[in-house]
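All remarks here apply to the structure that follows.
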Amino acid sequence: MSTATLRPIVEQKCALRTALFFVVVVISAEIIAILHESAFRHSLGENHLLALRLFHIGVSIIVLAVVLTYGDRLRARVIRAGSLLLVGPVFPLTWLAYLTYSRAHIRYSPLLGYKLIFLVLSLAPGPLLPNAVLVTGFAIEAVAVWYFGGVRDAQIGTLSGEPWITLLFGCASILILVFQNAYRRLHRQLGELTVRQRIIENLSRLSLSVRDKVNSPLQTLEICFARLPKNEVTAAGQKSLNTIEDSIRPLREFDCLVDWEQKEFPEPETLVKRLREDLEKQEVAFHLR
Amino acid sequence: MQGEAMGEPKLLVFVLDDDESLRTMLGSYLEISGRCTVYTMASVRELERHLADLPHLFGAILDINLGRAEPTGLDAYRWLRSHGFAGRIIFLTGHARSHPLVQEAHFIGDAIVLEKPAGIIQLESAIFEAA
């Protein structure tokens with residue numbers, strides 16, 4: 001199996017991890033928020049926060065069920081889209097939460113939710129672009145909620161440095177995403193190179209082993225032709241022998257590529273078996289972190 | 001064993017190789033040259049049993065790989081040297097130079113390493129050079 005056919009399997013596993021990561025984070029965050037808000041139920045007054053948070057948990061459970069049931073059969077893109085579905089409801093939820101907190105005049109850490117969202121998005125394994133777009137979207141919303149959602153007015157007298165601190169967090173999380181992505185790409189390339197190197201080394205070992213097996217019969221023929229009387233027939237035989245020798249001689253170049261590992265002389269059959277096992281290997285653990 | 005020393009004294013050479021065809025062919029070629037009597041053996045165990053029959057051994061041609069889980073030509077070399085054999089030893093191997101055992105053979109100062117398939121002139125000169 002080539003490394004190219006391994007890539008979809010690796011990407012699918014990566015997407016499954018992202019989905020599970022989002023589900024766990026969303027459910028935990030919403031439960032914490034519900035518990036905290038329940039303590040301020042009277043101060044917060046009438047709002048739809050609880051309903052929205054329960055809806056968000058419900059969606060997360062559905063995504064979790066789909067991923068656990070059909071995850072192996074779904075393509076990486078579909079799983080990733082499912083993960084992004086979980087992030088969608090966070091836009092109205094955060095806006096509504098800060099609006100409600102500000103109107104209720106309770107003390108809260110301004111825009112803390114956005115900073116946590118940036119952290120989660122920058123750590124989530126997956127492609128760079130969707131996460132970077134989401135971080136940008138949330139950064140815009142944070143500025144909007146600061147100026148137009150009543151958060152700034154609710155924080156008068158507090159030296160918070162907002163919304164610039166939150167924007168700095170946004171920039172930092174995009175940088176983390178860029179570095180993570182570069183590191184992941186490097187890691188994948190390294191994994192593919194390791195597989196290729198192993199296959200090349202096994203192929204080299206096999207061809208050298210076959211050459212070694214052929215050398216004794218060639219030596220026999222060499223002596224045989226030296227002993228036979230010189231005529232047209234032996235000349236033709238000697239010529240063919242020389243052709244075989246010339247054909248296998250370039251294999252010497254591969255001598256330096258092979259690390260024989262042990263002092264035993266490997267049999268070609270053993271090497272073919274090992275090579276077949278390497279090629280058939282489905283799991284390449286080092287592709288995944 | 002292939003040959004017996006007869007008539008005028010000839011050089012005694014023995015060939016250790018697990019390939020029967022090569023053993024026979026090399027033995028008969030060297031004997032036909034008329035300069036030596038050749039004894040052929042397939043394993044180190046055989047050599048250990050029959051060394052007493054070869055009192056004036058001149059040279060030994062040793063294959064390095066003598067089969068799976070078998071003592072190697074290097075073991076034969078060490079055994080010969082430890083039993084007082086001071087004659088010429090030639091390793092004739094078909095294996096890659098990068099293999100640890102072939103490398104070890106190259107590091108031995110008092111033995112020649114030839115790669116299979118070696119030309120017959122090269123082989124003869126390696127055996128009879130000092131004779």
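The values are calculated or read from the model by the stated rules, or taken from the named source; none is laboratory data. Remember, it's a predicted structure, so these values are computed and weren't measured experimentally. Using ideal geometry, Cβ is built from the backbone for each residue, glycine included, and neighbour counts are taken over all protein chains shown. Ligands, DNA and RNA are excluded from the accessible area calculation, which covers all protein heavy atoms including side chains. Shrake-Rupley method; radii C 1.70, N 1.55, O 1.52, S 1.80 Å.
Measuring with a 1.4 angstrom probe and ignoring ligands and nucleic acids, B:H106 comes out at about 60 Å² accessible.
Solvent-accessible area lost on pairing A with B (1.4 Å probe, both sides summed) amounts to about 2400 Å².
Kindly sort A:T69, A:T194 by accessible area of their heavy atoms, largest first, with the probe set to 1.4 Å.
On the way: A:T69 85, A:T194 60 Å².
Greatest to least solvent exposure: A:T69, A:T194.
Taking GluC sites (Glu not before Pro) as exposed when their DSSP state is a loop state and no more than 12 other Cβ atoms lie within 10 Å, the longest site-free interval of chain B runs over B:5-128.
If you stretched the chain out fully between A:L186 and A:D255, how much longer would it get, using 0.36 nm times the residue separation minus the C-alpha to C-alpha distance?
On the way: separation 69, 0.36 × 69 = 24.84 nm, distance 2.93 nm.
Result: 21.9 nm gained on full extension.
Among B:G59, B:G73, B:G109, the residue with the largest mean-square fluctuation in a Gaussian network model of chain B, with springs joining Cα atoms closer than 10 Å, is B:G109. With every protein chain in place and a 1.4 angstrom probe, the accessible-area ranking of A:C224, A:C256, largest first, reads A:C256, A:C224.
For region A:69-161, the relative contact order works out to 37 percent when only alpha carbon pairs closer than 8 Å and six or more residues apart are counted.
I'd like the trypsin sites (Lys or Arg not before Pro) in region A:17-119 restricted to DSSP loop residues with at most 15 other Cβ atoms within 10 Å, sorted by number.
On the way: sites: A:R17, A:R41, A:R53, A:R73, A:R75, A:R77, A:R80, A:R103, A:R107, A:K115; in loops: A:R73, A:R75, A:R107.
In loop regions of region A:17-119 (DSSP not H, G, I, E or B), the sparsely surrounded trypsin sites (Lys or Arg not before Pro) are A:R73, A:R75, A:R107.
Once you charge only the Cβ atoms, +1 for Lys and Arg and -1 for Asp and Glu, what is the size of the charge dipole of chain A about its Cα centre, to the nearest 20 debye?
Details: 32 positive and 26 negative charges, 67 e Å.
That gives a dipole near 320 debye.
With angles folded into 0 to 90 degrees, how steeply does helix A:76-87 sit against the dominant principal axis of chain A? Use alpha carbons for both and round to 10. The angle comes out at about 20 degrees. Here region A:1-116 is assigned +1 on the Cβ of each Lys and Arg and -1 on the Cβ of each Asp and Glu. Its dipole about the Cα centre then comes out at about 300 debye. Relative to the longest principal axis of the Cα atoms of chain A, helix A:164-227 runs at roughly 10 degrees. Under a GNM of chain B (C-alpha, springs under 10 Å), which listed residue has the highest mean-square fluctuation: B:L16, B:L51, B:L30? Highest fluctuation among the options: B:L51. For B:L11, the accessible surface of its heavy atoms amounts to roughly 50 Å² (probe 1.4 Å, protein chains only, rounded to the nearest 10).
The mean number of partner chain beta-carbon atoms within 10 angstrom of a residue's beta-carbon across peptide A:248-256 is 2.
Between helix A:128-148 and chain A there is an angle of about 10 degrees, using the helix long axis and the longest principal axis of the Cα atoms.
When only Cα pairs below 8 angstrom with a gap of at least 6 residues are kept, region A:86-223 shows a relative contact order of 29 percent.
Let me confirm one metric for peptide B:20-33, namely the mean number of other chain beta-carbon atoms within 10 Å of its residues' beta-carbons. Intermediate values should be presented prior to the final figure.
Values: counts 2, 7, 10, 2, 2, 8, 4, 1, 3, 5, 1, 0, 1, 1.
Shielding by partners across B:20-33 averages 3.
For A:Y70, the solvent-accessible surface computed with a 1.4 Å probe is close to 110 Å², ligands and nucleic acids excluded. Charges were assigned to the Cβ only: +1 to each Lys and Arg, -1 to each Asp and Glu. The resulting dipole of region A:193-258 about its Cα centre is roughly 120 debye.
Take the Cα gyration tensor of region A:89-194, multiply each eigenvalue by 5, square-root it, and list the three semi-axes largest first, rounded to whole angstrom. Intermediate results must be reported in sequence, preceding the final value.
Working: eigenvalues 228, 30, 18 Å².
Working through the eigenvalues yields semi-axes of 34, 12, 9 Å.
Element breakdown for chain B at a 1.4 angstrom probe: carbon and sulfur atoms account for 51% of the accessible area. Spin-label pair A:L123-A:E201: with each label point 7 Å from Cα along the Cα-Cβ axis, the two points sit 3.6 nm from one another. Provide the FRET efficiency to the nearest 0.05 for the A:N242-B:R45 pair, computing r from the beta carbons and using R0 = 60 Å. With a Förster radius of 60 Å, E is 0.95.
Of the trypsin sites (Lys or Arg not before Pro) found in region A:125-230, those that fall in a DSSP loop while having at most 11 other beta-carbon atoms within 10 Å are A:K230. Projected onto their three principal axes, the Cα atoms of the protein assembly as shown cover extents of 123, 46, 34 Å, largest first.
Largest accessible area first, the listed residues B:I108, A:I165 line up as A:I165, B:I108 when surface is computed with a 1.4 Å probe on the assembled protein chains.
Exactly which GluC sites (Glu not before Pro) in region A:221-274 are in a DSSP loop and have at most 15 other Cβ atoms within 10 Å? Can you show the working numbers first?
Working: sites: A:E222, A:E232, A:E245, A:E253, A:E261, A:E264, A:E269; in loops: A:E261, A:E264.
Qualifying residues, ordered by number: A:E261, A:E264.
Take each residue in B:98-107, count the other chain C-beta atoms within 10 Å of its C-beta, and the mean is 4.
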